[in-house]
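Read the structure below first, then the notes.
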């Protein structure tokens, strides 16, 4: 595919981004706290740029897999670069890189912040910051595909690059409809969450921000006080339950929607996911019980925190940095596991963990008797060899990246726990880490260049490693026959 | 002139099954037409049997019309391709063949055989691999038997077993069998030194005899206890060869929580069957060398060895090796006409053949078509001892006329049955009755007859001609 075609496609994406910023302008207009001009001018600029780029004449060419990956990676970079402009213009951030970090954190649904007091943000920009979670959770490209008049023939490559999990499938024959169904389910669940939060007497603006953060499994809070401001068992339970719901593979909801409940219950990954949640909640509850007045309290904190970490949301109701070591270790492991594939959550994905564990046992059998034929099954079906190899490579690369980035940021001279959890937290799109970047502190402890590196780490984690490397790989720069 | 002479049978496909069917049907007097694409096969058959052959595609209307399918009573499609079989049957059905029978081996098709019979108008679908697997399953349930068959919707069971040392029956005659030992079974036939006989009351059971017993399935375990035979539940099975039979068998065994190990040499096939049958442990190796490499305790823990590769000789030798290693139960797959079957006599190896299962089914169907207008038609036919012994199941119509059929409503002891026949069981109201002298045959009964002679079509044929 030639450069013109890529520019044209990116044009549609930028155009869509411009429209996506309009709700923030409305919010800003309602609250009148002085950021309307910044947002308005960014929207205008974005729309003009997008319009011009989408007018570029490009020949009809087949999109190949690597084109898909390149477009997705470039699109995410550009969206974050543009999205950070109103944030920077609002003047709350010290540098553009800080604003960029915040925006990447928003779109990748990480929720890591460099701000110690996000309530100082003007409402419009604050809304945009939370709304980016909602857009990024389901995927920007998926959204663009749904609305833009694009050639849908080869869009599968785009979706494959953007949707988390080892395999991306269609629910219905048409990609556009698949996107619509997914977004429909997503929007409905978000609305439910919003209504239930309103019932819990959460202010409208906060309820909106929280439901976006929950739906995208992002984790930005509208204020630094966090959930303590509502001090409500009910609100915490609603958010916990919805975080878990958004961490479930969306195919489950689709199957329930088309009344194939039996098939929905057959998705093995989801059972493991619930199993991890139950196990972690109970053991952490037992572990922190002695520090708290009642078992109810212990359950409240452990359930919320487990749900928040495994779904990679990153909300915090309590400073879990102060918890006993066992609880902290469980949380670190949950960071790595992450949510289900095909959900809005990040991390390594439960199904990859299950596949790796299962292939360990088949390997063990194979070593005991090389004649033994054993196959890895998921949902009762054989996992193809290619998928298994890809999964193993993914998991290895995953840990390799964590090691390398941790090593690099160690130059900034923070302690090991901080560095490791910062990388884990960014790479898995969670938000808070431990030690100096615990839930009650923020990423401003790091220098600008570390923030930039961590921003790229977040993008790499959200797009599941490969697309980001596609931009830098030489083969995608090769001069091809182009007009 | 026999009734069969009017019945025209058309067989598409001159493979193993097609050939054996052509031979048996033409022996029984049917007018057989064979269609096959291979000229060589066609010549081969027309030279060996008294049938008429056509060379061509069995699904082409032209060929079928030439072969006179429109007037065929029975149309059988047994080519190597399932799709062709179905298509041939559909075409023949449209052209006017009365009943159509298709062989379907692909499991994905054969699970929907009801769909084919109901919507496509096919009369009968049979899957020889599946039937053979069910037969082996019955052997696994009753490991003492060398052959197990079910009659009348599973209400009556036929078991062939060898009298081994320690059996309490040795030395007793048939009167003792039912009175002293109080066993609620019937001995239908005794095979002694290769000779089959329908026993009389005075015959004495000897060591080494092979008995054919019938009775309700539930009564067998009790009977084995009384005979002082220890039956062992099969818990661990080894299967050699990933054939279609093996697939059906392995999934049935795994469902019953039996530990199954399957050995297949070909890696692709091994992976395929491991994928298709969850819970099955598959080894990629040569069965024989795997067997050699097994430790003694592993061999001891194996209750049954089933050899199902495509190579009969290999199957048998593997089975013999198993017998040497004292494996409790051994079943091998052999072709029906294979002389290797002789080798299984006087061993603990039972042989199973796909072609037998298929031929039994079609022969009984063919006979029932002939006798369809009779009140006492054949419903099913089973053969033991390489076809020397037949069990025939008759269904008596409810509106049978006792005045015409004189055997109705009479105690069996008063009936004059020809010496080569024996009434082996009566099924009435879904329950099995052991026929004793006082029992009567009533309209609506299923009657099972055991015989060493062949070709009877009606129940009345087993009685001496009464001169009225």
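Read-outs throughout are calculated quantities, based only on the coordinates presented, and are distinct from any laboratory measurement. Keep in mind the model is a prediction, meaning the values are calculated, not measured. Reconstructed Cβ throughout: ideal geometry from the backbone, glycine too, with neighbour counts over all protein chains shown.
Just order B:15-25, A:42-52 by mean Cβ neighbour count inside 10 Å, highest at the front, would you?
B:15-25, A:42-52
What is the Cα convex hull volume of the range B:236-327 when expressed per residue in Å³?
Hull volume normalised by residue count: 79 Å³.
Under the definition of Cα pairs under 8 Å and six or more residues apart, what whole-number percent is the relative contact order of the range B:12-163?
This gives 15 percent for the range B:12-163.
Need the C-alpha centroid separation for the range B:144-221 versus the range A:328-344, integer Å.
Each part reduced to its Cα centre gives a spacing of 66 Å.
State the Kirkwood hydrodynamic radius of chain B in Å, one decimal place, computed from all pairs of distinct Cα atoms.
About 23.6 Å, per the Kirkwood formula over Cα pairs.
Could you put B:379, B:103, A:377, B:329 in order, starting from the residue whose Cβ has the fewest other Cβ atoms within 10 Å?
Fewest-to-most Cβ neighbours within 10 Å comes out as A:377, B:379, B:329, B:103.
When A:452, B:280 are ordered from fewest to most other Cβ atoms inside 10 Å of their Cβ, what list results?
A:452, B:280
Test of understanding: ordering A:128, A:449 by Cβ neighbours within 10 Å, fewest first, what list do you get?
Exposure proxy ranking, most exposed first: A:449, A:128.
If you take the square roots of the eigenvalues of the alpha-carbon gyration tensor of chain A and sort them as a ≥ b ≥ c, do you get rounded (a/c under 1.5), prolate (a/b over b/c) or oblate?
rounded
Please give the length that would be gained between residue A:41 and residue A:326 if that part of the chain were fully extended, namely 0.36 nm times their separation in residues minus their C-alpha to C-alpha distance (nm, one decimal).
97.6 nm
Can you give me the relative contact order of chain B as a percent, contacts being Cα pairs under 8 Å and 6 or more apart?
For chain B, the relative contact order is 11 percent.
Taking a ≥ b ≥ c as the square roots of the eigenvalues of the Cα gyration tensor of the range B:3-126, is the shape rounded (a/c under 1.5), prolate (a/b larger than b/c) or oblate?
prolate
What FRET efficiency do you get for residue A:456 and residue A:119 if R0 is 25 Å and r is their Cβ-Cβ distance, rounded to the nearest 0.05?
0.30
Calculate the translational D of the protein assembly as shown in whole µm² s⁻¹ from Stokes-Einstein, where the hydrodynamic radius comes from the Kirkwood formula applied to all Cα pairs, the temperature is 25 °C and the viscosity 0.890 mPa s.
Here the translational diffusion coefficient equals 73 µm²/s.
Using the beta-carbon distance between residue A:319 and residue B:257 and R0 = 41 Å, what value does 1/(1 + (r/R0)^6) give for FRET efficiency, to the nearest 0.05?
Step by step, r from the Cβ atoms, then E = 0.20.
Estimate the FRET efficiency between residue B:342 and residue B:141 by the formula 1/(1 + (r/R0)^6), using the beta-carbon distance for r and 25 Å for R0, to the nearest 0.05.
Step by step, r from the Cβ atoms, then E = 0.40.
Before anything else, pin down the relative contact order of the range B:370-462: Cα pairs under 8 Å, at least 6 apart, normalised by residue count, whole percent.
Taking the mean separation of contacting Cα pairs over the length of the range B:370-462, I get 36 percent.
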